[in-house]
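The structure appears right after this line, and notes come after that.
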Amino acid sequence: MKSDELQSELRARGYRLTPQRQLVLDAVRRLGHSTPEEIAAEVREQSPAVNVSTVYRTLDLLEEVGLVTHTHLGHGAPTYHPADESDHVHLVCTECGAIEAVPASILERLTGSLREVSGFEVNVAHLAMHGRCAACAATAKSKE
């Protein structure tokens, strides 16, 4: 979304486009999946006066207007990414910490079965699955 489109979107919802909001959104786009602290560090490279609480408030607002979304990849802080990315599931390696995004369509049979059995509609946008990445699994096998 271009700056003028962002400004129109925020104004339509009663907000204005501040330099801090633009910096936070730009940082999310550059970094991809990142925590508020990582986003704050990126923003501070452009504007050292921006503090982490401003980043948190801005992320909340940008999520409210549909420009970013978050997921919880573990017990720590949420991870944010642009909302216009295609739906995906996060695969988190519990050994090396690698994160891989795979298309949400990979879970269609599972989500369809859940819907059929219980009527439950799964929101995969916040889904993170934990296990071993291919490299760590291969290393573990070679040690056996």
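The values are calculated or read from the model by the stated rules, or taken from the named source; none is laboratory data. None of these values were measured; they are calculated from a predicted model. Ideal geometry is used to build each Cβ from the backbone, glycine not excepted, and the neighbour counts take in all protein chains shown.
Key figures
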{"read-out": "Pair list, Cβ < 7 Å and 6+ apart or interchain, from segment 55-67 residues that are more than 16 Å from G32 (Cα to Cα) to residues that are aromatic (F, W, Y)", "value": "L61/Y15"}
{"read-out": "Number of positions in segment 93-144 that are farther than 23 Å from A83 by Cβ, of a type in the set (D, E) and in a loop (DSSP other than H, G, I, E, B)", "value": "2"}
{"read-out": "Per-region count, segment 47-63, residues assigned to a helix (DSSP H, G or I), over 13 Å from P19 (Cβ atoms) and not aliphatic (A, V, I, L, M)", "value": "5"}
{"read-out": "Segment 102-119 - residue that is among the hydrophobic types (A, V, I, L, M, F, W, C) and either surrounded by 11 or more Cβ atoms within 10 Å (Cβ to Cβ) or within 17 Å of H70 (Cβ to Cβ) (or both) and, of those, modelled with the lowest pLDDT", "value": "A104"}
{"read-out": "E45 being among the charged types (D, E, K, R), modelled with pLDDT of 90 or more, buried (at least 16 other Cβ atoms within 10 Å of the Cβ) and under 30 Å from L10 (Cα atoms)", "value": "no"}
{"read-out": "Residue in segment 82-89 that is surrounded by fewer than 17 Cβ atoms within 10 Å (Cβ to Cβ), of a type in the set (D, E) and in contact with a Lys or Arg (Cβ under 7 Å, 6 or more places away or on another chain) present", "value": "no"}
